[in-house]
Amino acid sequence: MTALQALPRTGISAAEIAGGRRRRTARRRLVVGILAALIVVAFVVSLCVGQTTYTPGDVLGVILGRDIDGASFTVGRLRLPRATLAVIAGLCFGIGGVTFQTMLRNPLASPDIIGISAGASAAAAFAIITLGLGATQVSIFAIVAGLGIALLVYGLSFKDGVVGTRLILIGIGIAAMLDSLTAYVLSKAAQWDLQEASRWLTGSLNGTRWSEVVPVVIALAVLAPVLLTQSRNLSASQLGDDAASALGVRVEHTRIIVIIAAVGLIAFATAAAGPIAFVAFLSGPIAARIVGPGASLLIPSALVGSLLVVTADFLGQYAFGVRYPVGVITGVLGAPYLVYLIVRTNRSGGSL
Amino acid sequence: MTTAHTLHAQNLTVGYGTRTVVQDLDLRVPMGGISVIVGANACGKSTLLRAMSRLLAPRGGQVILDGRAVHQTPAKELARTLGLLPQSPTAPEGITVADLVGRGRHPHQGLFSRWTPADDQAVADALTATETAALADRPVDELSGGQRQRVWIAMALAQQTDILLLDEPTTFLDVSHQLEVLDLLTDLNRSRGTTIVIVLHDLNLAARYADHLIALTDGQVHALGTPAEVLTEETIRAVFGLDSRVVVDPTSNKPLMLPLGRHHTTVER
């Protein structure tokens, strides 16, 4: 304040405004570039390194379809679909999560806290284990359940508008119910093994097949652009419904498009990889801290999510003596962060 | 110019849930000046503003801007002519002043269209007009209440609308900051010709700053006119159920309302 009074100024030029904006854009681009590069590195490492290590040349050969002894099976059939799903599912969770957090103006309102992931997961577990359905039907099952749970939570918390805390508490309750439903389905399964169980409870990429990866890739290709077109409307809606409407945002319209697209992404990713713990929840706040305030977080958060899943899956497989499913690693990272965030939000009442 | 517009509520009925707040209201908003809407709590002041700016769909009647119902006007198109600063907007955590004011450009930008020099100029003008230029790079959460309110007004200015509605822009401000905000709005009206409609609680400030005073009661326009025409002892009794004396304010020559309570009153009520 004293500095301001010492240097009184009344005007500012358009050039200064443009300069400040360019600095922020440059920072955002730099962050996006670095994150994307890190994902590529992590992806390549997780293809090369393992029980047997192959050179990047071998891996490239396999990707280009050449037949390389040993590598074709290990990299082509085992590691490639797994790492691809890690990247794609991470993108889905990251962008879906931050969309909810931005829309509901609360970092706790992410789909894995408020029951949407749990709903998709329970439906997928039910569809696979109890009904014995294939990948496409499972995805449809999961997305319908995810949307249903989203509507249910939204509907139950609606009373003269939706208040964030009420929605979150109701969501947490529903998530707990759905988790027990998943556990029940698993316990009733004829031959339920630990891998299946861990996939539907915390998320796992073990035994990923291309047939599971493809629907998620398609969902991302279709739904992520839809979310990106709503990016400006989402930013404006952070000012509150009234202020956003006054700026020409059709708030309800935006909300419906965004909920369907985000739930779709979360549900498709969950149907393939299970509800990878806390990725949707963590990505947005981490991205917000790296990018800085004011910028759209959709893309940075998607990249953070992707990097989290690829890295956590790699660590889970090889960093410890035992192979842990990816969700165990992200859960270990996520839970303390959740506590930190609640403590901090209580103090500052912050938004993301 | 702003006087070329017309804003007109016809038989307007609006409500929330089962409650009807505004009933068959007719109002032609005077263009080019500062109109202040006053009335008791829950008389429909904010509801009227929200209906006029398309935030609430009417149950009956309509709001017509330039011959076209606002609820049939595309949202962005409307937001280029008519702006609203709601009662309690929220600033995203950590956002800087320049960024927040830039959000006011939303109705002027397409889906992916890039930021233009015109956008930068509008933000710079808005910051300059509200004397918040020195705060441009500061986070909004660190500002005082008065500064913050000026920043929100700057955001509404960056929207560059000919008509600007403000819902209780002086709430939570101390008296000097209240005057500061109203002076700023008067400057904008006089220099840019922006039509300004404000909901205010303080009758005396309303009388001082209004070119047109609009008194609402039970969702109806009770009186509309100059402050001297509207701020009378009879109107105050009808609108607020309050006994008062109205004198001429020696500092502004506007009417000044002195409320008569049950205590501390030395004249006959």
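Limited to the stretch B:137-153, what total is found for residues that are assigned to a helix (DSSP H, G or I) and either within 21 Å of A:Ala244 (Cβ to Cβ) or among the polar types (S, T, N, Q) (or both)? Before the answer, list the steps.
Pass one, the stretch B:137-153, residues assigned to a helix (DSSP H, G or I): B:140-142, B:145-153.
This time we only want the ones that are either within 21 Å of A:Ala244 (Cβ to Cβ) or among the polar types (S, T, N, Q) (or both), so: B:140-141, B:147-153.
So the answer is 9.
Can you tell me which residues in the stretch A:296-352 are under 12 Å from A:Ile286 (Cα atoms), away from chain B (no Cβ under 14 Å) and at pLDDT 90 or above?
Passing the criteria: A:Pro300, A:Ser301, A:Ala302, A:Leu303, A:Val304, A:Gly305, A:Leu307, A:Leu308.
Any residue at all in the stretch A:10-33 that is more than 14 Å from chain B (Cβ to nearest Cβ), in contact with a Ser or Thr (Cβ under 9 Å, 6 or more places away or on another chain) and more than 26 Å from B:Val140 (Cβ to Cβ)?
Scanning the stretch A:10-33 turns up no residue that is more than 14 Å from chain B (Cβ to nearest Cβ), in contact with a Ser or Thr (Cβ under 9 Å, 6 or more places away or on another chain) and more than 26 Å from B:Val140 (Cβ to Cβ).
Within the stretch A:31-71, work out how many residues are small (Gly, Ala, Ser), at pLDDT below 85 and surrounded by 12 or more Cβ atoms within 10 Å (Cβ to Cβ).
At the first step, the residues of the stretch A:31-71 found to be small (Gly, Ala, Ser) are A:33, A:36-37, A:42, A:46, A:50, A:57, A:61, A:65, A:70-71.
Imposing the further condition that a residue be at pLDDT below 85 reduces the set to A:65, A:70-71.
Checking the rest, the ones that are also surrounded by 12 or more Cβ atoms within 10 Å (Cβ to Cβ) come to A:71.
The number of residues fulfilling the criteria is 1.
All but one of (1) part of a helix (DSSP H, G or I); (2) within 7 Å of chain A (Cβ to nearest Cβ); (3) free of Cβ contacts under 8 Å to residues at least 12 places away in the same chain hold for B:Pro107; state the number of the condition that does not hold.
(3)
Being buried (at least 21 other Cβ atoms within 10 Å of the Cβ) and part of a helix (DSSP H, G or I) narrows it down to one of B:Ala134, B:Ala118, B:Ala156, so name that one. Full working, then the answer.
Working: B:Ala134 fails: buried (at least 21 other Cβ atoms within 10 Å of the Cβ); B:Ala118 fails: buried (at least 21 other Cβ atoms within 10 Å of the Cβ).
When all the criteria are applied, what remains is B:Ala156.
Please enumerate the residues belonging to the stretch A:187-207 that are more than 13 Å from A:Thr270 (Cα to Cα) and at pLDDT 85 or above.
A:Asn206, the sole residue that qualifies.
Among the listed residues B:Leu205, B:Leu179, identify the single one that is in a helix (DSSP H, G or I) and buried (at least 19 other Cβ atoms within 10 Å of the Cβ). Before the answer, list the steps.
On the way: B:Leu179 fails: buried (at least 19 other Cβ atoms within 10 Å of the Cβ).
Exactly one residue qualifies, and that residue is B:Leu205.
Step by step: first the residues of the stretch B:69-87, then only those that are free of Cβ contacts under 8 Å to residues at least 40 places away in the same chain and within 7 Å of chain A (Cβ to nearest Cβ), then the one that is surrounded by the fewest Cβ atoms within 10 Å (Cβ to Cβ). Which residue is that?
Applying the filter and picking the extreme gives B:Lys76.
The values are calculated or read from the model by the stated rules, or taken from the named source; none is laboratory data. Note that the structure is predicted; figures quoted are calculated from it, not measured. A quick note on method: Cβ atoms are made from the backbone with ideal geometry, for glycine too, and the neighbour counts reach across all protein chains shown.
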